[in-house]
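Below is one structure, written out as structure tokens, with a few remarks after it.
The values are calculated or read from the model by the stated rules, or taken from the named source; none is laboratory data. Source: prediction; values computed, not measured. Neighbour counts are summed over all protein chains in view; Cβ atoms, including those assigned to glycine, are modelled from backbone coordinates with ideal geometry. Surface areas here come from the heavy atoms of the whole protein model, side chains and all, with no ligands, DNA or RNA. Shrake-Rupley method; radii C 1.70, N 1.55, O 1.52, S 1.80 Å.
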Amino acid sequence: ATKKAFGRLDVLFNNAGTSARGVPLEELSFEDWSRVVDVNLTGAFLTLRDGYAQLRGHEWGRLITIASTAGLRGYAYVAAYTAAKHGAVGLTRAIAAEVQGTGITANALCPGYLDTEMTDRTIDNIVATTGRSRDDAVAALAADNPQGRLIHPDEVTAVALALCTPERAHVNGAAIEIDGREW
């Protein structure tokens, strides 16, 4: 239906994500594990597989997946999310190796904590489970980003758009951190 409605695919922006309430590994239910991995990794796989099939044979195309800084390092109490985002980075790099030299590129964007509804739910969970104030919870998450602030979604969009420019045609298989550092 997408192809009929919108025509030829040139850029696939693969952005789906969910998390579970942060818990120690021994408290992580199989149901929460499965749900988080299904959305963050299996969903990415299905979307990328379909997008790649539509781009195959084109002289130019972009496969861009939203992962997370959690996909580059481990975060406590979010094992399923961290594992799934590591998988999304690995999947993107595997696809990048397959498309190398074709004019199609595959890259992962790895934002730190974003100023989004998903982060709001994380903040609410921190407040509920630790008794910290909302401001303290926000500060704790923002401290993981080098500039000490939450990342705005427009910053992620800017990097995605930059990957579509001729100047970034050489970028393939990258996992680009968007956490307040220069890339």
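Out of everything in segment 132-144 that is acidic (D, E) and free of Cβ contacts under 8 Å to residues at least 40 places away in the same chain, what residue ends up being surrounded by the most Cβ atoms within 10 Å (Cβ to Cβ)?
D136
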For this session: Starting from residues that are modelled with pLDDT of 80 or more and β-branched (V, I, T), keep the ones in segment 100-118 and report whichever is most open to solvent (accessible area, probe 1.4 Å).
Result: T102
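Given the options T157, T129, name the one that is part of a helix (DSSP H, G or I) and touching a residue at least 24 places away in the same chain (Cβ under 8 Å). Step through it out loud before you land on a result.
On the way: T157 fails: touching a residue at least 24 places away in the same chain (Cβ under 8 Å).
Only one candidate qualifies: T129.
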For this session: Could you tell me whether any residue of segment 5-12 is part of a helix (DSSP H, G or I), within 19 Å of L109 (Cβ to Cβ) and modelled with pLDDT of 90 or more?
Result: no
For this session: Test L150 against the stated conditions and say whether it is closer than 20 Å to A76 by Cα, of a type in the set (A, V, I, L, M), open to solvent by 10 Å² or more (accessible area, probe 1.4 Å) and within 17 Å of the chain's Cα centre (by Cα).
Result: yes
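Residues checked against (1) free of Cβ contacts under 8 Å to residues at least 12 places away in the same chain; (2) part of a loop (DSSP other than H, G, I, E, B); (3) under 11 Å from the mean Cα position of the chain (by Cα); (4) under 24 Å from P153 (Cβ atoms):
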{"position": "T82", "(1), (2), (3), (4)": "no, no, yes, yes"}
{"position": "H86", "(1), (2), (3), (4)": "no, no, yes, yes"}
{"position": "T92", "(1), (2), (3), (4)": "no, no, yes, yes"}
{"position": "A108", "(1), (2), (3), (4)": "no, no, yes, yes"}
{"position": "D120", "(1), (2), (3), (4)": "yes, no, no, yes"}
{"position": "I123", "(1), (2), (3), (4)": "no, no, no, yes"}
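Mind listing whichever residues of segment 38-73 are open to solvent by 30 Å² or more (accessible area, probe 1.4 Å), more than 22 Å from A169 (Cβ to Cβ) and touching a residue at least 12 places away in the same chain (Cβ under 8 Å)? Quick ask: steps written out before the conclusion?
Initially, segment 38-73 is screened for residues open to solvent by 30 Å² or more (accessible area, probe 1.4 Å), giving 38-39, 41-42, 45-47, 49-50, 52-54, 56-60, 72-73.
When the remaining residues are screened for being more than 22 Å from A169 (Cβ to Cβ), the result is 38-39, 41-42, 45-47, 49-50, 72-73.
Matches in segment 38-73: V39, L41, F45, T47, L72.
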Exercise. If we scan segment 49-66, do we find a residue that is in contact with a helix residue (DSSP H, G or I) (Cβ under 8 Å, 6 or more places away or on another chain) and within 22 Å of A140 (Cβ to Cβ)?
Worked result: no
Exercise. Of all the residues that make up segment 74-88, how many are more than 23 Å from T102 (Cβ to Cβ), among the aliphatic types (A, V, I, L, M) and open to solvent by less than 10 Å² (accessible area, probe 1.4 Å)?
Worked result: 2
For this session: Hey, can you tell me all the residues within segment 20-68 that are of a type in the set (G, A, S) and over 16 Å from T102 (Cβ atoms)?
Result: A20, G22, S29, S34, G43, A44, A67, S68
